[in-house]
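Just below is one structure, and these are the notes that go with it.
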Amino acid sequence: MKKFIPIMVALLAIFVAIPATAQKYTLNDIGRYNMRNAGGIVEGNVIKGYYMFYESEKIDRKNRAFEILVLDENLKEKVSERIIEPKTTFLLEASYNGTGILFKFYDSKSGMVTYRIIDNAGKLGSKQSRAASKLEVSIYNNSLSKDLTNLNVNPFGKDMFVDVYDFKDKKGYSYQVDGLDNTGKTLWSYNPEHVKGVDKADYLIANDKSVLLLTQNAKNMTTRDYHFGLVSLGSDGGINFEIPLENAKYNMLAHNAYFEGENIVVIGEYYDIDDKAMKAESKGIFAKVIKASSGDDVSESFISWDKDILNKVSAENKKEIKNYSLFFHNIVKSSNGHILAIGEQYRKQVSAGGLAMKAVMGSQNTDASALEIKIGNIVVIELNSDFTLSDVTIVEKKPNRVILNQSYSLVNQHVLAKLLKYDGSFDYTYTQNSADNSLITMSYIDMEKVEGKGSKKAVFNTINYLGSDGKYSSDKLVLSTDAYSIRALAAKSGYVLIEEYFRKDKRVAYRLEPINL
């Protein structure tokens with residue numbers, strides 16, 4: 001087991017004294033803004049630039065002017081477009097497929113979903129709209145009220161995108177997959193044949209030939225007894241294969257997948273076949289290799305928490321690992337053939353602050369519950385190229401506590417972990433790979449108040465894994481800020497993008513800060 005606390009090796013960046021050489025971009029006099037409104041443009045693990053969307057001006061009682069910006073990797077403005085839309089228009093998400101950026105908008109009053117694309121030449125395409133399903137409306141309105149991110153739209157090669165979303169019919173809950181061209185027009189739609197109950201799906205991975213989805217099936221919404229599977233669709237929307245993710249002994253929940261030659265490698269957690277997967281703790285990690293064309297099995301490997309992983313952990317950390325669940329943010333393959341499963345510890349517990357708030361508020365309405373989530377350490381599980389266990393690395397950090405929203409208090413732990421990811425409660429920020437995967441950088445951010453001041457101190461941490469020798473290095477970037485919120489985004493090699501939102505000033509500031517790799 002490797003265990004370390006990242007040490008300071010580079011620089012101290014203070015907000016009031018930004019180096020003159022820093023690359024910066026500032027948005028002034030902005031209206032409504034949240035973390036969905038900006039993100040990276042990524043192609044083949046490389047940051048190509050950033051998109052931004054914000055409200056800039058009131059046109060009349062019903063309409064607003066919104067700005068869409070595209071910056072390059074050096075924060076130089078490439079595209080600036082103004083659109084006039086109803087004031088109830090929100091950006092849900094955006095995705096880049098190498099040919100253009102697809103923006104998915106939602107009008108909370110009309111219930112319409114609109115797609116617009118900016119191509120690589122900087123041209124903004126016309127609108128392509130559809131009515132959201134009743135279930136979509138409920139989901140999107142909830143995500144807007146709680147400032148959650150959405151992860152439904154993804155690239156499908158360079159010529160398409162896919163949008164995977166939920167709907168409800170007389171049989172129960174199901175999903176639809178729309179294939180969109182580079183104008184945002186729907187080319188095809190896929191609806192699974194489903195019996196009464198729950199059918200859900202999440203995007204896993206795609207290339208120019210097929211898209212792979214993780215499916216989740218249950219008899220009803222209240223059960224904890226879920227079963228999982230894989231569905232592969234071709235570029236015409238036809239089904240390539242549908243297979244269960246289970247065998248005689250185990251039920252498997254996939255977290256990530258990647259193409260390798262003619263195969264697909266699927267990695268996640270496994271449960272005893274008789275366990276209720278949405279309630280039980282997993283038994284360990286699995287790696288399943290299947291044929292990309294047919295879904296036929298090539299191999300399966302299982303690594304147990306108790307028999308394998310805990311044997312790589314020191315005695316002092318065994319109890320701590322057993323007391324936490326682990327949410328896997330990313331699973332990546334290094335140039336040396338090793339696979340890194342990057343997770344973060346979390347657990348639900350009684351909140352002293354939540355109880356106090358309940359006592360003070362009494363019968364008054366409050367969204368806070370008496371429960372909280374405690375966020376623990378970063379845990380990296382390293383597998384060999386044959387999917388046997390190589391090592392376990394624990395990155396110690398200060399615990400973070402998040403008081404649960406009342407509506408989350410009864411949610412099962414696996415769904416809860418996704419909600420924590422969508423609302424930005426985890427400390428983990430991103431994983432970034434070099435083009436050849438020889439360098440894998442994992443990052444997280446710690447926030448703490450500065451005593452006697454109205455500002456906060458944000459500590460941005462990077463953990464670098466070198467494929468050449470399989471060793472780790474670390475760096476820290478310390479920032480003092482009086483911003484309402486601060487966020488770190490992936491940037492060009494050797495940098496991190498810092499975003500600071502000053503709500504009172506109606507200003508968002510971006511800057512590239514150097515980090516050691």
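The values are calculated or read from the model by the stated rules, or taken from the named source; none is laboratory data. Nothing here was measured: the structure is a model prediction, and the numbers come from that model. Because the Cβ atoms are built from the backbone with ideal geometry, glycine has one as well, and the counts that use them run over all protein chains shown.
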- Only one of (1) more than 30 Å from D391 (Cα to Cα); (2) modelled with pLDDT of 90 or more fails for G452. Which number is that? (2)
- Query: Among the residues of the stretch 336-352 satisfying the criterion of being modelled with pLDDT under 95 and among the polar types (S, T, N, Q), which is surrounded by the fewest Cβ atoms within 10 Å (Cβ to Cβ)?
  - Reply: Q349
- Item | Test: K127 is within 29 Å of L253 (Cα to Cα) and of a type in the set (K, R) | no
- Message: Given the options N191, N152, name the one that is of a type outside the set (S, T, Y) and closer than 16 Å to E93 by Cα.
- Response: N152
- Note on the structure: Taking first residues from the stretch 239-260 that are closer than 17 Å to A218 by Cα and free of Cβ contacts under 8 Å to residues at least 60 places away in the same chain and second residues anywhere that are crowded, with 19+ Cβ neighbours inside 10 Å and among the acidic types (D, E), the pairs with Cβ under 8 Å that are 6 or more apart or on different chains are M252/E269
- Failed condition for D208, given (1) surrounded by 15 or more Cβ atoms within 10 Å (Cβ to Cβ); (2) within 20 Å of G44 (Cα to Cα); (3) of a type outside the set (A, V, I, L, M, F, W, C), with all others met? (1)
- From L466, L489, L479, L512, which residue is touching a Gly at 6+ places or on another chain (Cβ under 8 Å), at negative phi and of a type in the set (A, V, I, L, M, F, W, C)? L489
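I'm checking my understanding of the structure. Among residues of the stretch 294-313 that are in a helix (DSSP H, G or I) and aliphatic (A, V, I, L, M), which one is farthest from D208 (Cα to Cα)? So that I can check it myself, show each step before the final result.
First pass over the stretch 294-313, keeping only residues in a helix (DSSP H, G or I): 305-312.
From the residues that got through so far, the ones that are aliphatic (A, V, I, L, M) too are 309-310.
Numbers: I309: 36, L310: 40 Å.
Among those residues, the one meeting the criterion is L310.
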- Among the residues of the stretch 99-139, the number that are in contact with an Asp or Glu (Cβ under 8 Å, 6 or more places away or on another chain) and at pLDDT below 95 is 4
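Among the residues of the stretch 314-332, write down those that are touching a residue at least 40 places away in the same chain (Cβ under 8 Å) and in a loop (DSSP other than H, G, I, E, B).
Within the stretch 314-332, S314, Y324 meet the criteria.
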- Show the residue pairs that are 6+ apart or on different chains and have beta-carbon atoms under 8 Å apart, the first residue being within the stretch 389-403 and within 24 Å of I285 (Cβ to Cβ) and in a strand (DSSP E or B), the second being polar (S, T, N, Q) and at pLDDT below 90. I394/N317
